[in-house]
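Student: Questions regarding the structure given below will be posed in turn.
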Amino acid sequence: MGDRLVLGVDPGTAATGYGLVRKNGDSLALVDHGVISTASHTPLPERLHSIYKEITGIIARHHPQEVVVERLYFSSNVQSAMAVGQARGVVLLAAAQAGLPVYEYRPQEVKQSVAGYGRATKEQVQELVRMILGLDFTPKPDDAADAIALAICHLNGKDWNRE
């Protein structure tokens, strides 16, 4: 299958990482990446609205074919898990409104796909993302690198010929 552009998103209320990766044939290329940051003193509804507006803007600018998000996992910190779930919800809403399919992967699946080891460190994932994409810089911060890794995991794992 030809050219594919995937938006990976690592959701959080303080920092939502995003990464757009294009696959053409066997080659992968980083198109854009960054972090949507919100201030902790801002009320939660405004923070979620900001994340939603930024994600819809990224989708409108780049026109990805799919969105990939980290699958929510249970955490011992319920408050943190709830916040991630809420940020994740606005990302899912933005994707649904754009008519884009959403795929989900657990952190261990992403690490296994990118680093070959499900318990790889953040630094190992960042370095392997740099190597896989042939970048002359290491993608930072962690949230953006994780989002890029999500997109790589999806692009390398999906068999487009079966659709």
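Student: Taking the Cβ of residue 138 as the center, what net charge do the other residues with Cβ under 15 Å away carry, scoring Lys and Arg +1 and Asp and Glu -1? Don't skip to the answer; put the middle values down first.
Tutor: Numbers: positive: 122, 130, 140; negative: 123, 127, 136, 142, 143, 146.
Summing Lys/Arg as +1 and Asp/Glu as -1 gives -3.
Student: Report the extension gain between residue 3 and residue 53 in nm, rounded to one decimal, defined as 0.36 nm multiplied by the number of residues separating them, less their alpha carbon distance.
Tutor: Computed gain between residue 3 and residue 53 is 15.4 nm.
Student: Starting from the amide H of residue 117, placed 1.01 Å from N in the peptide plane, find each other amide H under 5 Å away whose residue is 5 or more places distant or on another chain.
Tutor: Residues meeting the criterion, in which the H sits 1.01 Å from N, are 112.
Student: With +1 on the Cβ of every Lys and Arg and -1 on the Cβ of every Asp and Glu, and nothing else charged, how large is the dipole of the chain about its Cα centre, in debye rounded to the nearest 20? Could you put the intermediate results ahead of the total?
Tutor: Working: 16 positive and 18 negative charges, 32 e Å.
With only Lys, Arg, Asp and Glu charged at Cβ, the dipole is about 160 debye.
Student: Once Cα Rg over 2.2 N^0.38 Å is worked out from the coordinates, which option in [x] 1.11; [y] 0.98; [z] 0.94 does it equal?
Tutor: [y]
Student: If you take every DSSP beta bridge whose two residues both sit in the chain, what share of them, in percent to the nearest 5, is antiparallel? Mind showing how you got there, number by number?
Tutor: On the way: 17 of 25 bridges.
Restricted to the chain, the bridges split so that about 70 percent are antiparallel.
Student: Then there is this: Report the relative contact order of the chain, percent, no decimals, based on alpha-carbon pairs under 8 angstrom and at least 6 residues apart. Kindly include the intermediate steps, with their values, before the conclusion.
Tutor: Numbers: 297 pairs, mean separation 49.0, N = 163.
This gives 30 percent for the chain.
Student: Using a basic spin-label model with each label point 7 Å from the Cα along Cα→Cβ, how many nm lie between residue 29 and residue 61?
Tutor: Here the modelled spin labels are 1.8 nm apart.
Student: On the principal axes of its Cα set, how long, how wide and how thick is region 8-101? Give whole Å, largest value first.
Tutor: Rounded to whole Å, the extents work out to 42, 26, 22 Å.
Student: Need one value: the accessible area of residue 104 in square angstrom, 1.4 angstrom probe, rounded to the nearest 10.
Tutor: 70 Å²
Student: Using modelled backbone amide H atoms (1.01 Å from N, in-plane), which distant-in-sequence or interchain residues come within less than 5 Å of residue 10's amide H?
Tutor: 17, 18, 147
Student: Now for a different question. Stretch residue 108-residue 82 to full length: gain in nm at 0.36 nm per residue minus the Cα-Cα span?
Tutor: Numbers: separation 26, 0.36 × 26 = 9.36 nm, distance 2.03 nm.
Extending this stretch completely gives an extra 7.3 nm.
Student: Continuing with this model, one more query. Per residue of the chain, what 222 nm ellipticity follows from adding -39500 (n - 2.57) for every DSSP H run with n ≥ 4, rounded to the nearest 500? Intermediate results must be reported in sequence, preceding the final value.
Tutor: On the way: 5 runs with 76 residues, N = 163.
That calculation yields -15500 deg cm²/dmol at 222 nm.
Student: Could you compute the longest span of the chain free of chymotrypsin sites (Phe, Trp or Tyr not before Pro) located in DSSP loops and having at most 13 other Cβ atoms within 10 Å, not counting the site residues?
Tutor: Working: sites that count: 73, 74, 117, 137.
Longest gap between qualifying sites, sites excluded: 1-72.
Student: Return, for the Cα atoms of region 10-53, the radius of gyration and Dmax in Å, separated by a comma.
Tutor: My reading of the Cα-based Rg and Dmax gives 14.0, 45 Å.
The values are calculated or read from the model by the stated rules, or taken from the named source; none is laboratory data. Given the structure is predicted, the values throughout are model-derived calculations rather than measurements. Every residue, glycine among them, receives a Cβ derived from its backbone with ideal geometry; neighbour counts consider all protein chains shown. The protein model used for the area step is the full one, side chains on, heavy atoms only, and it has no ligands, DNA or RNA in it. Shrake-Rupley method; radii C 1.70, N 1.55, O 1.52, S 1.80 Å.
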